[in-house]
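Each value in this text was obtained by applying a stated rule to the coordinates, not by laboratory testing. Please read these numbers as outputs of a predicted model, since none were measured by experiment. Cβ coordinates were reconstructed from backbone atoms using ideal geometry, including for glycine residues, and neighbour counts include every protein chain displayed.
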Amino acid sequence: MSAKIISGTETAKAIREELKIEVAELTEKHGVVPGLVTILVGEYPASQSYVTAKNKTAHALGIHSEQVTLDADTPEEELLALVDKYNKDDKINGILVQLPLPKHIDEAKVLYAIDPKKDVDGFHPVNIGKMVLGEECFLPCTPHGILELLMRSGVETSGAEVVIVGRSNIVGKPMANLMLQKRDAGNATITLCHTRTKDIDFHLKRADIIIAAVGVANMISADQVKEGVVVIDVGVNRVGKAANGKAILAGDVDFDSVKEKAAAITPVPGGVGPMTITMLMKNTVQAARQANGL
Ligand code: GUN
């Protein structure tokens, strides 16, 4: 058996088409142009390309976007002042501070400074709290994108044994919370594995759905999973450089072997990545609607 490939590229394209229409309608009927600012501090290797992709996508959808790049040694107060400036800027509905930040900056302090109404990343404790309670809020983009992928590819999650590998604030923890809720792509039984898990193979082997978000290239191989598993691979690991200078990427899952055993699997690239950016756009449009009472 060879797995169905769950294409994030295709699903993201469909959602972007919907968003493009929504943005055009907001602009033409209501004079509202959703606005997003991305703030990058320093030159963490992957961040520059992520931020560029976010701005490019915003532009393609008719979303006003601004990109601010600050030196790696920018003082924390300067970044906080910039966040505050955008909190007060009516043209901007969404503020994204790209993580990770340089070591001398307190990440939590910066994330807490973002107005929760403009927190399109869904990282502010107000939004995280609402998410855990199942209230309406901005959902963090990667987990939100995974929920959409599961829904739109018809994966049954109700009652499923879902094994999540990796306990980050950005993916693992929110993913676990969302999938146990009474909601679409929810109602699952969750196991969250991490670096201190005693027997990860035991958990992987009985999983109906595996969500891998560890950041270790090809960590999960075919002999660790059961026949018919659905695999969502969040890993984006740079494993080399092509002749044209572009990074060669690999997921956390050994795609070539696991696809022969799985019922469905996301590729890297072209799986979760495009969905993350698309959900950021969705959140920005939602923020613009809310800011204008629409
Ligand atoms: N770094 C890696 N993923 C993300 C994300 O979704 N948002 C932000 N702000 N930084 C990130």
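Within region 241-253, the residues that satisfy the criterion of being free of Cβ contacts under 8 Å to residues at least 12 places away in the same chain and at negative phi are LYS241, ALA242, ALA243, ASN244, LYS246, ALA247, ILE248.
Scanning region 155-175 for residues that are hydrophobic (A, V, I, L, M, F, W, C) and touching a Pro at 6+ places or on another chain (Cβ under 9 Å) yields ILE170, VAL171, MET175. Considered as a group, the residues in region 57-101 that are over 27 Å from LEU19 (Cβ atoms) and within 21 Å of the chain's Cα centre (by Cα) include one that is nearest to the ligand (Cβ to nearest atom), and that residue is PRO100. Inside region 188-238, residues that are surrounded by fewer than 16 Cβ atoms within 10 Å (Cβ to Cβ) and under 21 Å from the mean Cα position of the chain (by Cα) make up a count of 4. Among the residues of region 151-176, those identified as surrounded by 15 or more Cβ atoms within 10 Å (Cβ to Cβ) and within 16 Å of the ligand (Cβ to nearest atom) are GLY166, ARG167, SER168, ILE170, VAL171, GLY172, LYS173, PRO174, MET175.
ALA217 fulfils the conditions (1) part of a helix (DSSP H, G or I); (2) out of contact with any helix residue (DSSP H, G or I) (no Cβ under 8 Å at 6 or more places or on another chain) except for a single criterion, (1).
Take the conditions within 30 Å of GLU136 (Cβ to Cβ) and in a loop (DSSP other than H, G, I, E, B) and apply them to GLY273. Does it pass? In short, no.
Of the residues making up region 121-147, just one is surrounded by 20 or more Cβ atoms within 10 Å (Cβ to Cβ) and more than 15 Å from the ligand (Cβ to nearest atom), namely CYS137.
Residues considered: LYS29, LYS88. Of these, the only one that is over 26 Å from THR278 (Cβ atoms) and surrounded by fewer than 18 Cβ atoms within 10 Å (Cβ to Cβ) is LYS88. State which residue is surrounded by the fewest Cβ atoms within 10 Å (Cβ to Cβ) when the search covers only region 248-272 and only residues that are within 16 Å of the ligand (Cβ to nearest atom) and over 16 Å from SER153 (Cα atoms). Top of the filtered list is PRO269. Is it the case that region 248-255 has a residue that's out of contact with any His (no Cβ under 8 Å at 6 or more places or on another chain), closer than 22 Å to LEU147 by Cβ and of a type in the set (Val, Ile, Thr)? The answer is yes; a qualifying residue exists.
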